[in-house]
Amino acid sequence: MHPEIEKLIQLAIADGQVSEKERAVIMKKATTLGEDIDEVELILDGELALANKLQNSLNQNTIPAQSNKEGNVKKCPSCGAPVQSFSLKCDECGHEFRNTESSQSIKEFYKQLKAAKIDERSTVISNFPIPNNKEDLIEFITLSIGNSRGLDDEERNVYIKNAFTATYKPELHYRESEINAWQSKSEAAIMKAKLLFSSDEDILGKIRMYETQFFGNKNYKQKQRSKKFKYLIIFFVVYVVFMIILLLSM
């Protein structure tokens, strides 16, 4: 399936549901790219079902945080002052309230990811719904970008099966699939953050910083190869100059 369709599907299922408008956009793009509409719709529904299944699993395994709420009033965990239950910030000390359940969900996701087999990790990453809460979304972006850097030649060599024939172990494919999943999730999370917080310049500033880091990670392998090529050119130039000087001195 075309990468553009995959990105649209990941963005659409990020919140655990697909609106009619999102579905129409995906189908329109699929038609433009010459994809089979029935196949795209089947994949969309399948990805949505997997994402919801993973989220339900995370919610079931999440340990409920002790409630700090009394009726329509809750206590600030920082200073103990009473605040309205719908408040996002304490008027007394300025402490911002986080979505504890969502944060716990990210922790449980990372726990499951670490426990997953190497050939299952990319699927776990791809099916995790991107958070909507500001703090948790930024936390998830940080997590995904931190795992999105491509492998350099030295890291790839760890997976060499036969140096003479330059063949690699199957684990390399799974590791690169995992990195690709992190990259896709990073890009989708960054796009979602831009849409959700388009009017918040402070948040957008952080998102742009993360975006720069993301593209740096994504192009890391290419940069490493360009660096090696540059050294080869310098070596070749130095060698040619040395040979010319040697010939002239004879």
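The values are calculated or read from the model by the stated rules, or taken from the named source; none is laboratory data. Because the structure is a prediction, the values reported are computed rather than measured. Cβ sites come from the backbone with ideal geometry, for glycine too, and all protein chains shown count toward neighbours.
In a residue-by-residue description of segment 188-198, the property of being free of Cβ contacts under 8 Å to residues at least 60 places away in the same chain and not in a helix (DSSP H, G or I) applies to at least one position. Set side by side, the residues Ile43, Ile5, Ile13 differ, and just one is in contact with a Leu (Cβ under 6 Å, 6 or more places away or on another chain) and buried (at least 18 other Cβ atoms within 10 Å of the Cβ), which is Ile13. Only a single item in (1) surrounded by fewer than 16 Cβ atoms within 10 Å (Cβ to Cβ); (2) at pLDDT 70 or above; (3) within 21 Å of the chain's Cα centre (by Cα) is not met by Arg121, and it is number (1). Every residue in segment 159-185 that is part of a loop (DSSP other than H, G, I, E, B) and surrounded by fewer than 16 Cβ atoms within 10 Å (Cβ to Cβ), please. Of everything in segment 159-185, those that are part of a loop (DSSP other than H, G, I, E, B) and surrounded by fewer than 16 Cβ atoms within 10 Å (Cβ to Cβ) turn out to be Ala163, Phe164, Thr165, Ala166, Lys169.
Tallying residues that are within 23 Å of Lys7 (Cβ to Cβ) and β-branched (Val, Ile, Thr) within segment 117-170 yields 8. One residue stands out in segment 91-118 among those that are modelled with pLDDT of 85 or more and not basic (Lys, Arg): the one that is surrounded by the fewest Cβ atoms within 10 Å (Cβ to Cβ), namely Ala115.
Flag: Lys74 does not match the condition of being at pLDDT 80 or above, at negative phi, part of a strand (DSSP E or B) and surrounded by 12 or more Cβ atoms within 10 Å (Cβ to Cβ).
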